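Single-structure report; data block below.
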Amino acid sequence: MIRPGPRNLITDVPGLRVGNARDDRIKTGATVLVGDRPFTAAVHVMGGAPGTRETDLLAPDKLVQEADALVLSGGSAFGLDAASGVADALRAMGRGFPVGTQTVPIVPGAILFDLLNGGDKDWTENPYKGLGAQALANAADTFAMGSEGAGTGALIADLKGGLGSASAMWEGYTVGALVAVNALGRVTMGENPHFWAAPFEMAGEFGGLGMAPAFDPQAIPPVKGHEDRNTTIAIIATDAALTQAQATRMAIAAHDGMARAIWPSHTPMDGDIVFAAATGARPLADPLRVPLMLGHLAALCLARAIARGVHAATATPGDTKPTWQDRFG
């Protein structure tokens, strides 16, 4: 039986914490996933316009197999500096990959484009390094969703986006998703409040509205109009003992959840990316069946987390689009 974890957050995976930081004037923020110890990390990119840091390092044939933290940030290319703030703080803690007398924190990251969302972007110094360090300092077992962290200034086709999370438990294993939704496409079915992710909803976690009534999909304007700077960035985590190759397969499978929840997804203008994190606390009871199920759970969790992030978004002064709650709540 599949059921949500006790928090219904990615931090239901033991040993993982999430921290958020935001700047409401700029309408942006950063989110950090950090482990009590380094975790196996992998990545898969399917969008046509990604912005990333240290993703090449996460290929199964590379030297380093583990990461100390993963960072999701707004800010487009400027937001990549959030990971620098996290790396500096981790180094001060003595965390990182040992190289001779030095310690180098491994902090891959990804960014979304939120530079045209109504916030004041006229900064004189890049704010993202500070936001990254603040997010790490805020890391905890529980955290807020919606207009928080990397989802603070996120937009989708017709609504505000947001930061979402969800978890699932199955036969002793836990899988969780964390996502900042800033998609070119829509997460609801046309001009109604029903989410594309409705078939996968658990316990009314994003309104309990169920499937939409009959509609004509050809009548749904799918994208943001003339805007072409987007991206949905996500992390899938599990307590299973996965190799980097197996974690990569889990990240690939998780993209199915993105395609189920966002219409359309993986476009040339989106930088859609999924990181995977495996803490290794639970050995694989079956080397074929368990990884297969973990990929299935990853897709389910990501679809639910996307809907939860948009459902939880809140309004702030200067918004260019309404929230789901304002429009349908």
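The values are calculated or read from the model by the stated rules, or taken from the named source; none is laboratory data. Source: prediction; values computed, not measured. All Cβ positions, glycine included, derive from the backbone under ideal geometry; neighbour counts span all protein chains shown. Ligands, DNA and RNA are excluded from the accessible area calculation, which covers all protein heavy atoms including side chains. Shrake-Rupley method; radii C 1.70, N 1.55, O 1.52, S 1.80 Å.
Hey, any idea what % of region 105-260's accessible area is carbon plus sulfur with a 1.4 Å probe? Please report the intermediate quantities before stating the final value.
On the way: 2770 of 5240 Å².
Carbon plus sulfur share of accessible area: 53 percent.
Rounded to the nearest 0.05, what FRET efficiency do Asn138 and Ala285 have when you use their Cβ-Cβ distance and R0 = 30 Å? Walk me through the numbers on the way to the answer.
Working: r = 35 Å, r/R0 = 1.18.
Taking R0 as 30 Å, the efficiency between Asn138 and Ala285 is 0.25.
Please report, in whole Å, how far the alpha carbons of the chain spread along each principal axis, starting with the longest.
Computed over the Cα atoms, the extents are 59, 52, 33 Å.
Which longest run of the chain has no exposed loop site in it, a site being trypsin sites (Lys or Arg not before Pro) in a DSSP loop with at most 15 other beta carbons within 10 Å, and the site itself not part of the run?
Working: sites that count: Arg7, Arg25, Lys62.
Counting only loop sites that pass the neighbour cut-off, the longest clear stretch is 63-329.
In whole percent, what relative contact order does the chain give with Cα contacts below 8 Å and a gap of six or more residues?
Details: 948 pairs, mean separation 81.9, N = 329.
Value for the chain: 25 percent.
If all Cα-Cα distances of region 68-222 are sorted into 10 Å bins from 0 onward, what percent lands in each bin, rounded to whole numbers?
Histogramming region 68-222 at 10 Å steps yields 10, 30, 30, 21, 8, 2, 0 percent.
Starting from the Cα coordinates of region 21-94, work out the convex hull volume and express it per residue in Å³. Before the final figure, lay out the partial values.
Details: hull volume 7.8 nm³, N = 74.
Hull volume normalised by residue count: 106 Å³.
About the Cα centre, and with charges only on the beta carbon of Lys, Arg (+1) and Asp, Glu (-1), how big is the dipole of the chain? Nearest 20 debye, please.
340
For Val99 and Asp326, what does the FRET efficiency come to when R0 = 51 Å and r is the distance between their Cβ atoms, rounded to the nearest 0.05?
My answer for the efficiency is 0.50.
Give the longest segment of the chain that steers clear of chymotrypsin sites (Phe, Trp or Tyr not before Pro) in DSSP loops with at most 15 neighbouring Cβ atoms within 10 Å, not counting the sites themselves.
Numbers: sites that count: Trp123, Phe215.
It runs 1-122.
Whole-Hz ³J(HN,Hα) for each residue in region 96-106, computed from phi via Karplus 6.51 cos²θ - 1.76 cosθ + 1.60 with θ = phi - 60°, x for glycine and proline: what do you get?
x, 7, x, 9, x, 8, 10, 10, 10, x, 9
Using a cut-off of 13 Å between alpha-carbon atoms, which aspartates and glutamates can reach Lys27, once sequence neighbours fewer than 8 places away in the same chain are excluded?
Cross-link targets: Asp114, Asp120, Asp122, Glu148, Asp319.
Starting at the first residue of region 140-157, write each ³J(HN,Hα) from the Karplus equation 6.51 cos²θ - 1.76 cosθ + 1.60 with θ = phi - 60°, in whole Hz, x for Gly and Pro.
Karplus-based 3J(HN,Hα) across region 140-157 equals 7, 6, 10, 7, 7, 10, x, 7, 9, x, 5, x, 3, x, 6, 10, 10, 4 Hz.
How much length, in nm to one decimal, is gained on full extension between Asp56 and Ala245, taken as 0.36 nm per residue of separation minus their Cα-Cα distance? Walk me through the numbers on the way to the answer.
Numbers: separation 189, 0.36 × 189 = 68.04 nm, distance 1.35 nm.
Length gained between Asp56 and Ala245: 66.7 nm.
Only Cα pairs under 8 Å and at least 6 apart count here; give the relative contact order of region 32-159 as a rounded whole percent. Mind dumping the intermediate values first?
Numbers: 203 pairs, mean separation 37.5, N = 128.
For region 32-159, the relative contact order is 29 percent.
Rounded to the nearest 500 deg cm²/dmol, what is the calculated helix-only ellipticity per residue at 222 nm for the chain, with -39500 (n - 2.57) per DSSP H run of length n ≥ 4?
Values: 5 runs with 67 residues, N = 329.
Helices in the chain give a 222 nm mean residue ellipticity of -6500 deg cm²/dmol.
Give me the one-decimal nm value for the distance between modelled label points at Thr314 and Ala92, 7 Å along each residue's Cα-to-Cβ direction.
2.8
Please return the longest range in the chain lying between exposed loop sites, taking GluC sites (Glu not before Pro), DSSP loop only, at most 15 other beta-carbon atoms within 10 Å, and leaving the sites out. Can you show the working numbers first?
Details: sites that count: Glu125, Glu171, Glu191, Glu227.
In short, 1-124.
Can you give me the distance in nm between label points at Trp170 and Glu125, each placed 7 Å from the Cα along the Cα-to-Cβ direction?
4.8
Which of these, Pro105, Pro283, Pro50, has the largest mean-square fluctuation under a Gaussian network model of the chain (Cα springs below 10 Å)?
Comparing Pro105, Pro283, Pro50 in the GNM, the peak value goes to Pro283.
Hey, got the dipole for region 42-180? About the Cα centre, +1 on K and R Cβ, -1 on D and E Cβ, debye to the nearest 20?
On the way: 7 positive and 15 negative charges, 26 e Å.
Charge dipole, region 42-180, about its Cα centre: 120 debye, nearest 20.
Name the aspartates and glutamates eligible as straight-distance cross-link partners of Lys129: C-alpha to C-alpha under 15 Å, and not fewer than 8 places from it in the same chain.
Asp23, Asp81, Asp88
Could you tell me the calculated FRET efficiency between Ala203 and Leu116, based on Cβ-Cβ distance and R0 = 30 angstrom, to the nearest 0.05?
Values: r = 36 Å, r/R0 = 1.20.
My answer for the efficiency is 0.25.
Based on the alpha carbon coordinates of region 154-303, what radius of gyration and maximum Cα-Cα distance (Dmax) apply, in Å?
15.9, 50
Determine the dipole magnitude for region 1-123: charges of +1 sit on the beta-carbon of Lys and Arg, -1 on that of Asp and Glu, nothing else is charged, the reference point is the Cα centre, and the result goes in debye to the nearest 20.
Values: 12 positive and 14 negative charges, 65 e Å.
In total the dipole reaches around 320 debye.
Give the distance, in whole Å, between the Cα centre of region 59-128 and the Cα centre of region 14-43.
10
For Lys62, give me every one of the aspartates and glutamates with a C-alpha distance below 19 angstrom, ignoring sequence neighbours fewer than eight places off in its own chain.
By straight Cα distance, Lys62 reaches Glu54.
Using the heavy atoms of the protein chains alone and a 1.4 angstrom probe, what is the accessible area of the chain per residue in square angstrom?
Details: 12420 Å² over 329 residues.
Accessible surface, normalised per residue, equals 38 Å².
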